[in-house]
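Readers should treat all values here as calculations from the given coordinates under stated rules, not as data from a laboratory. Source: prediction; values computed, not measured. Neighbour counts run over all protein chains shown; Cβ positions are idealised from the backbone, glycine included.
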Amino acid sequence: MTAFWAMAFFWLRAAHAVVYLLAVPYIRTLVFTLGFVAVAGIFWEIVR
């Protein structure tokens, strides 16, 4: 499951960079939040 969270984090950060360059405000916030959820998922897998 950690590999899933790591892959999700990578692609979400890549998407965040693209959305940032395109200056789409609400989607940028959504993608950033999902990236944070991926980091929390990695943390949860390590702690568990």
For the stretch 22-33, indicate whether the set of residues that are part of a helix (DSSP H, G or I) and among the small types (Gly, Ala, Ser) is non-empty.
no
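Got a sec? Which of Thr29, Thr2, Thr33 is in contact with a helix residue (DSSP H, G or I) (Cβ under 7 Å, 6 or more places away or on another chain) and either crowded, with 17+ Cβ neighbours inside 10 Å or not acidic (Asp, Glu) (or both)?
On the way: Thr29 fails: in contact with a helix residue (DSSP H, G or I) (Cβ under 7 Å, 6 or more places away or on another chain); Thr33 fails: in contact with a helix residue (DSSP H, G or I) (Cβ under 7 Å, 6 or more places away or on another chain).
Every option except Thr2 fails the conditions.
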Contact list, first residue from the stretch 27-48 and in contact (Cβ under 8 Å) with a residue 40 or more places away in the chain, second anywhere and surrounded by fewer than 16 Cβ atoms within 10 Å (Cβ to Cβ), beta-carbon distance below 9 Å, six or more apart or interchain, is Gly41/Met1; Gly41/Thr2; Gly41/Phe4; Ile42/Thr2; Ile42/Ala6; Glu45/Met1; Glu45/Thr2; Ile46/Thr2
